[in-house]
1. From the list A:28, A:44, which residue is touching a residue at least 60 places away in the same chain (Cβ under 8 Å), farther than 17 Å from residue B:107 by Cβ and at the interface with another protein chain (Cβ under 7 Å from one of its Cβ atoms)?
2. Restricting segment A:31-40 to residues that are open to solvent by less than 70 Å² (accessible area, probe 1.4 Å) and more than 8 Å from chain B (Cβ to nearest Cβ), which is nearest to the chain's Cα centre (by Cα)?
3. Take the residues of segment B:3-18 that are outside any strand (DSSP E or B), within 7 Å of chain A (Cβ to nearest Cβ) and not aliphatic (A, V, I, L, M): which is nearest to the chain's Cα centre (by Cα)?
4. Please specify each residue of segment B:133-163 satisfying the condition of being crowded, with 21+ Cβ neighbours inside 10 Å and either within 12 Å of chain A (Cβ to nearest Cβ) or farther than 25 Å from residue B:217 by Cβ (or both).
5. Taking segment A:31-41, which residues are touching a residue at least 24 places away in the same chain (Cβ under 8 Å) and either under 16 Å from residue B:97 (Cβ atoms) or touching a Lys or Arg at 6+ places or on another chain (Cβ under 9 Å) (or both)?
6. Before we move on, is residue A:130 within 9 Å of another protein chain (Cβ to nearest Cβ) and in contact with a Lys or Arg (Cβ under 6 Å, 6 or more places away or on another chain)?
7. Can you name every residue in segment B:100-139 that is in a loop (DSSP other than H, G, I, E, B) and of a type in the set (Phe, Trp, Tyr)?
8. Kindly indicate whether residue A:244 is under 30 Å from residue A:89 (Cα atoms), in contact with a strand residue (DSSP E or B) (Cβ under 9 Å, 6 or more places away or on another chain) and either open to solvent by 50 Å² or more (accessible area, probe 1.4 Å) or assigned to a helix (DSSP H, G or I) (or both).
There are 2 protein chains.
Amino acid sequence: MADTRTEINSLGEFGLIQRINKKIKTNLPDTITGIGDDSAVIDLGDEFGLLSTDILLEGVHFDLTFFPLKHLGYKAIAINVSDIAAMNGTPRQVTVAIALSNRFSVEAVDELYEGIHAACKDFNVDLVGGDTTSSRSGLLISVSVFGRVKKDKITYRHGARPNDLLCVTGDLGGAYMGLQLLEREKQVFMANPQMQPELEGKDYVIQRQLRPEARMDVIYELAEAGVLPTSMIDLSDGLASDLLHICAQSGVGAIVFEEKLPIDEQTYIAATELNLGPVTAALNGGEDYELLFTVPQVSYDLIKNNPKISFIGYITDKKNEVLLHTNADNRIPITAQGWNREN
Amino acid sequence: MADTRTEINSLGEFGLIQRINKKIKTNLPDTITGIGDDSAVIDLGDEFGLLSTDILLEGVHFDLTFFPLKHLGYKAIAINVSDIAAMNGTPRQVTVAIALSNRFSVEAVDELYEGIHAACKDFNVDLVGGDTTSSRSGLLISVSVFGRVKKDKITYRHGARPNDLLCVTGDLGGAYMGLQLLEREKQVFMANPQMQPELEGKDYVIQRQLRPEARMDVIYELAEAGVLPTSMIDLSDGLASDLLHICAQSGVGAIVFEEKLPIDEQTYIAATELNLGPVTAALNGGEDYELLFTVPQVSYDLIKNNPKISFIGYITDKKNEVLLHTNADNRIPITAQGWNREN
């Protein structure tokens with residue numbers, strides 16, 4: 001080890017990733033895109049191959065006191081499939097590596113794999129490889145996915161153009177509110193195990209957290225409608241952060257209309273109950289795994305009747321100027337940390 | 001969770017993997033091989049794609065008290081490349097996911113990636129994706145690799161035929177002896193931190209443990225010599241266990257000659273010092289990451305002068321009868337747990 005010691009905290013997770021990525025260079029002619037998009041892109045001749053990986057750790061990404069193993073298995077596959085969807089690709093094969101401690105029973109492993117198999121069936125992918133090992137502490141799941149896309153259909157983060165329309169699938173902020181509710185109930189339960197959880201009427205946001213879907217349905221519907229997005233990303237970190245990625249990589253800006261943000265009624269109620277504000281949840285809540293994409297204005301008529309897709313704003317030529325147009329007709333900068341009426 | 005609880009220990013790691021794999025079925029026409037070989041095989045049209053994944057956990061697969069981070073990064077890539085080599089393929093792209101606790105400094109992460117980059121350079125692969133996250137306990141590295149192979153050049157575990165020659169690259173048992181020595185020195189050091197480690201003249205076996213190479217060199221040399229193995233596997237679990245895989249999947253048996261086993265002098269000395277027996281180390285020591293393969297007898301002249309390849313036995317038509325022909329002209333069954341003169 002070197003003599004100097006720099007704490008990771010001094011860089012932050014984002015700073016550390018930037019430091020790692022800065023040193024990565026690709027050399028092979030068939031490596032089209034390395035790090036920096038939802039998936040790596042590999043030239044296969046007639047089409048592109050897509051490769052992505054995601055890891056889920058107990059205590060960091062999930063809490064088994066409220067996360068059923070079956071849902072966890074499903075989610076591990078879904079979030080990887082979502083990375084292929086974001087390239088406008090089709091997922092084909094996945095590998096699953098798990099490490100688990102003796103705390104888990106054989107039945108628990110069966111449950112986890114039930115969810116994995118259910119997701120493989122839903123998204124039409126084959127589980128083709130893996131690694132099973134013991135762990136000294138808790139559970140971890142590492143999934144890699146291989147997918148494909150026709151060369152003229154691939155969508156990168158960097159293709160958004162001024163005047164393109166900004167669209168999002170489904171609704172926003174629900175997964176984050178679901179997590180907040182589950183964590184609140186866990187605290188209540190730990191303080192008094194006799195208390196019944198107060199989750200009635202909150203099934204939708206809880207499901208958003210525990211069993212996210214990859215939006216392959218929308219990928220197929222866009223293709224059927226003849227619409228090719230100019231840019232796309234999946235919403236893992238939240239609309240604000242992921243829109244900033246699109247704008248930075250495309251060299252553009254964006255206006256988002258507050259009133260157009262699709263927010264479910266349960267997200268409104270939960271956000272109010274927890275004093276968080278539904279718009280904040282929609283902008284900053286992560287893990288919705290919806291798709292954020294841009295289309296040329298001429299495509300609007302082809303998707304406007306699709307109830308799964310909302311038009312939420314448009315792209316401007318103001319590089320990295322990403323603004324929320326509020327209901328009070330103010331324009332407020334959106335930052336990766338969210339937005340702030342005081343700004 | 002179900003009401004019954006079956007402990008994982010009651011199945012064992014091998015039993016658990018069998019249970020998981022039994023439920024896995026593949027459905028897509030482009031999935032040629034799923035679980036059961038060194039890599040999954042994907043039909044890309046003109047050629048096959050290869051996909052494999054391996055995970056390394058602190059405290060399970062490595063001990064940072066004696067494992068330098070740079071070597072660890074190198075090893076994480078090498079063992080994945082080795083899975084592609086075992087299919088007679090060429091590795092192209094890798095993804096690396098790491099999780100680490102605050103115990104690690106930024107400089108430590110730099111060292112780890114130095115090793116990763118060195119291996120990517122040595123094996124001519126591009127690092128194209130990853131995931132960096134925090135961990136509550138220790139370090140873990142999950143690598144996935146994508147490779148390619150011409151359709152008529154792929155080698156599976158299941159292609160060995162009676163009378164084929166059994167060959168192995170490099171030498172055997174060294175990585176295991178290196179690990180035993182490092183663990184012994186750790187115990188000595190923990191009992192008395194003033195003691196100097198006694199590792200003089202043991203550099204080769206220690207390097208075998210800390211910095212294994214994937215034998216891509218031999219893959220290129222076989223191709224150059226015009227030799228196509230009929231079956232191949234990489235030696236991660238040890239010769240005995242991996243030869244049994246080839247025999248079971250090919251429906252054949254094998255005779256291995258004790259006197260032909262390539263064992264380095266340092267492995268002999270270390271094995272003697274530790275009362276383990278060099279042949280036991282060669283048969284059962286894991287992590288050498290050499291290649292075990294079979295070739296038709298007609299290929300012998302084409303490889304006999306390659307100093308990296310040893311002829312160690314031959315394939316028989318006696319299904320699953322895998323025997324060690326000892327120097328005393330006895331024939332003793334080789335089992336996954338090794339072999340036993342008392343058998």
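1. Result: A:44 is the single residue among A:28, A:44 that is touching a residue at least 60 places away in the same chain (Cβ under 8 Å), farther than 17 Å from residue B:107 by Cβ and at the interface with another protein chain (Cβ under 7 Å from one of its Cβ atoms).
2. From segment A:31-40, those open to solvent by less than 70 Å² (accessible area, probe 1.4 Å) are A:31, A:33-40; that's our starting set.
Applying the additional criterion that residues be more than 8 Å from chain B (Cβ to nearest Cβ) yields A:36-38.
On the way: A:36: 15, A:37: 12, A:38: 9 Å.
Only one residue fits best here, namely A:38.
3. Keep residues of segment B:3-18 that are outside any strand (DSSP E or B), which gives B:3-6, B:8-18.
Narrowing further to those that are within 7 Å of chain A (Cβ to nearest Cβ): B:4-6, B:8-9, B:11, B:13, B:16-17.
Checking the rest, the ones that are also not aliphatic (A, V, I, L, M) come to B:4-6, B:9, B:13.
On the way: B:4: 36, B:5: 34, B:6: 31, B:9: 24, B:13: 17 Å.
Ranking the qualifying residues of segment B:3-18, first place goes to B:13.
4. Passing the criteria: B:135, B:139, B:140, B:141, B:142, B:143, B:144, B:145, B:146, B:147, B:148.
5. A:36, A:37, A:38, A:39
6. The answer is no for residue A:130.
7. Hits for segment B:100-139 are B:104, B:123.
8. Numbers: under 30 Å from residue A:89 (Cα atoms): yes; in contact with a strand residue (DSSP E or B) (Cβ under 9 Å, 6 or more places away or on another chain): yes; either open to solvent by 50 Å² or more (accessible area, probe 1.4 Å) or assigned to a helix (DSSP H, G or I) (or both): yes.
So residue A:244 fits the description; yes.
The values are calculated or read from the model by the stated rules, or taken from the named source; none is laboratory data. Here the structure is a predicted model, which means the values were calculated and not measured. Note that we place each Cβ from the backbone using ideal geometry, even for glycine, and neighbour counts take in every protein chain shown. Heads up: the accessible areas ignore ligands, DNA and RNA and are worked out on the full protein's heavy atoms, side chains in. Shrake-Rupley method; radii C 1.70, N 1.55, O 1.52, S 1.80 Å.
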